[in-house]
1. At 0.36 nm per residue, minus the direct Cα-Cα distance, what do B:CYS311 and B:LEU183 gain on full extension? Give it in nm, one decimal, please.
2. Starting from the Cα of A:ASP256, step 7 Å along the direction of its Cβ; do the same at A:HIS292; then give the gap between the two resulting points in nm.
3. Hey, with R₀ at 30 Å, roughly what FRET efficiency would B:GLN241 and B:VAL216 work out to, going by the Cβ-Cβ distance, to 0.05?
4. Exposure proxy check: A:VAL160, B:VAL306, A:VAL267, A:VAL45 ranked by fewest other beta carbons within 10 Å?
5. Quick test of the membrane-span-like rule: which DSSP H helices of chain B reach at least 24 Å along their long axis (C-alpha atoms) with mean Kyte hydropathy at least 1.6?
6. What is the count of Lys pairs in chain A whose alpha carbons sit under 26 Å apart, if the two are 8 or more places apart or on different chains?
7. Round to a whole angstrom and tell me the spacing of the C-alpha centers of region A:179-245 and region B:162-241.
8. Find, to one decimal place in angstroms, the Kirkwood hydrodynamic radius of the protein assembly as shown, where the mean of 1/r is taken over every pair of different Cα atoms and then inverted.
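Each reported figure results from applying straightforward, stated rules to the coordinates on display, with no laboratory input. Because the structure is predicted, anything quoted here is derived from the model rather than measured. So basically every Cβ, Gly included, is an ideal-geometry build from the backbone, and we count neighbours across all protein chains shown.
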Amino acid sequence: MIKRAMVLVVLLLAFQAALATNYPLTVRDQLGHELTLPRAPTHIVSMIPSDTETVCALGACDALVGVDAFSDWPKQVASLPHLGNANAPDIERLVALKPDLVLTDEYSGLAARLEQLGIPVYAGTPQTYQGALDFLGVMGRLLDRQTAAALVRGRIEGQVAAVAAKVAKLPRVSVFVELDATPYSVGPGSYLGTLLEKAGGRTIVTRAMGEYPQVDPEYVVQQDPQVVLLMDAPYGQTVAKAEARPGWSGLRAVRDGRVLPLDQQQVDILSRAGPRMGDAVVLLAKLLHPGHF
Amino acid sequence: MARALARQGAARRTGPGPLLVSGLALAIVVVAAISVGSVRVLPGAVLGALLDGVRGHHSGTVDTIVWQLRLPRVLLASLVGASLALAGATFQGVFRNPLADPYLLGAASGAGFGASVVLVFAGAVPWLAHVGVGWAAFACALATVAVVALLARQGRGLPAVSLILAGVVLGSSLSAATSFLMLAARDRAAGILSWLLGSFAFASWDRVAAMLPLLVPAVLVLLLAGRALDVMQLGDESAAQLGVPVEAVKLILLATATLATAAAVSVAGVIGFVGLVVPHAVRLAFGPRHVRLIPLSAVWGAIFLVLADLCARTVLAPAEIPVGIVTALVGGPFFLLLLRRQRSGS
């Protein structure tokens, strides 16, 4: 018994050692800039909500010293200093926190400014399902949390595979995702389009229309979606207002009572390409195939 | 007429007084802006870091905050404020129209369009990333005003009405194109919008250095133009009779002011109302003579924008308000107030 336990421990240690990061570590971020970390970072600033979630999912939440104003999950990050957002950052306070790693986007220009100031920065945040899975691996290496990264990735892929197995036998549900009332929606190539696909759904938007097209209201009526997801419900959209639109009374989604308002928490889960992607697919599967999940 | 001008000048205090007072005010505002920020640093520590830096010792967080963040930010705000106000005063003088401003000729919408194109397509088109947002904004601002001038040209003259009409129309088209880019690339929309609203959050010594070679010659040219502008207020024909080459002076002044505006917009985004409000306030306080109006507009433009940026980064700290929103919120009502005062005064 003891022998077997010892073998297990040795195996586990060997496994850990094989997955340990060797510092100094040099990686290229998504801008193609080199970043060298002398040791595992202990003072991390995240300027992107999904990056904050990733850091915490890998068990490094305690190393976070500051986050952007939109980072709100997990709850413990709420007490950290808020540093504005990547487009309007409080660089002064960020510098005063003396971070040894800053995670930010590749477009705002914050990365370039921090590089000038000699602060280690990784620019680039995933926009796709596959990108987010790969990003877990990158963060695992940066933070010396490769085992945790593999586990989180495994959990997401497990959730998605379980949903896929069930929805394979179910007919695909056609969905109109309403980002806002103008109305903007999502195409099959977008992040949310990919999640819908994995959850046994299909956006009524075609690939040719683009990733985030403005849709002709007539097109929505003509496509007659089975489900409408109101992503704008946290910002004042209501089921009653949506159903009162011209031509909507005859829609399958309206007749079946499947115009579904999402709350802020659900919208966050569905729009952040991070460690909760598995939860996002399960959530969509429940909304599209009630009774099966 | 020259006597009328002289009398106008004598009615106000002459001499270097106003310029000295204004310069002193600018110095006080700059020191205050360097001392205040979202991180509390005691004035003694700020002074210490400044002195250490002057002696060549750079180390520590306070040094980074003072030398790498606040100092370039305050300097950039004052340079941009001075450029915008100078350009506004020049345009108003050239067109003899209190509403004239380089933005009116499409400089702002041109810059906004150039910046958005880079912000949206830099990922897909590598050479755009190399051009960068600043240069694209600068080039498009100049190109837009040049096209407007070509469209408005009649013979050898540049009639104000055609210029402003062409500017407004081309500007609207470019703004529409920018809005379309924002909607088409939703994930970049926030970045484009913050750029359009103007910000000094990313101020750095590089940007200060990029401004200077354009700004210094422009300021010198515009400062020298005060006397010519004063004569031109008598009307184009009278000015020509007094020996001012009116069309040439107009062209040089408009080009220089546009250059200064394009440089300002390219480093800080589209910041409105500085070019409009500051020259008006200066005219009211110190009189309408351009010899004085032009340099004082520069100084008070700097003061106004440094204060506006101080509000932008402290009022809602740690969140920043785009500085263009501050200048519009303060400048708009202030301008209306000036308008009322002017009307009741006349």
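1. 43.1 nm
2. Inter-label distance under the simple model: 1.1 nm.
3. 0.35
4. Final ranking by Cβ density, sparse to dense: A:VAL267, A:VAL160, B:VAL306, A:VAL45.
5. In chain B, the long hydrophobic H runs are B:17-35, B:126-152, B:160-184, B:205-224, B:246-268.
6. For chain A, the number of qualifying lysine pairs is 8.
7. When both Cα centres are located, 40 Å separates them.
8. 27.8 Å
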